[in-house]
């Protein structure tokens, strides 16, 4: 078998179920379904930067590195993160430090900010609805209830 033929491997049995595997040999094969990932719930609807949240939904890849979670701030800027654990219906992801720069600031203080989430698994999922969009608080805050101390 030529190297070109080995680099693309397509299983016909997966096509009937809506799953295709395309990957070079020696690389983990991610599963892609016909439906885009959907977020149905998020635990820890208020979390600090650096803490973990759990996203539940459907059509996620069971291979953690095949998923990407985007955190979209109110101004449209985005921070990306890879989950630490994954299944077809749940992702555990750490709120990335890059989100700190995206927090709304007022009078020199970082305010708790609502972020819309999106899961990408080879297909783009929709942005999360407001009820599934967590409020992220600066890691510098002593509590998640109030605005953070002024920036230095």
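The values are calculated or read from the model by the stated rules, or taken from the named source; none is laboratory data. On a predicted model such as this, the values are computed, not experimentally measured, just so you know. Virtual Cβ from ideal backbone geometry, glycine too; neighbours counted across all protein chains shown.
See the values below:
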| quantity | calculated |
| --- | --- |
| Selected residue [under 12 Å from the mean Cα position of the chain (by Cα) and over 16 Å from residue 36 (Cβ atoms)] from 93, 104, 137 | 93 |
| Any hit, the stretch 107-116, residues being within 11 Å of the chain's Cα centre (by Cα) and in a strand (DSSP E or B) | yes |
| Scan of the stretch 103-113 for residues that are surrounded by 15 or more Cβ atoms within 10 Å (Cβ to Cβ), touching a strand residue (DSSP E or B) at 6+ places or on another chain (Cβ under 9 Å) and either farther than 21 Å from residue 50 by Cα or without any contact (Cβ under 8 Å) to a residue 60 or more places away in the chain (or both), ordered by number | 103, 109, 110, 111, 113 |
| The stretch 44-67, residues that are farther than 21 Å from residue 103 by Cβ and outside any loop (DSSP other than H, G, I, E, B) | 54, 56, 57, 58, 64, 65, 66 |
| Yes/no for residue 122 being under 13 Å from the mean Cα position of the chain (by Cα), assigned by TED's automatic domain parsing to the domain that holds residue 50 and at pLDDT below 95 | yes |
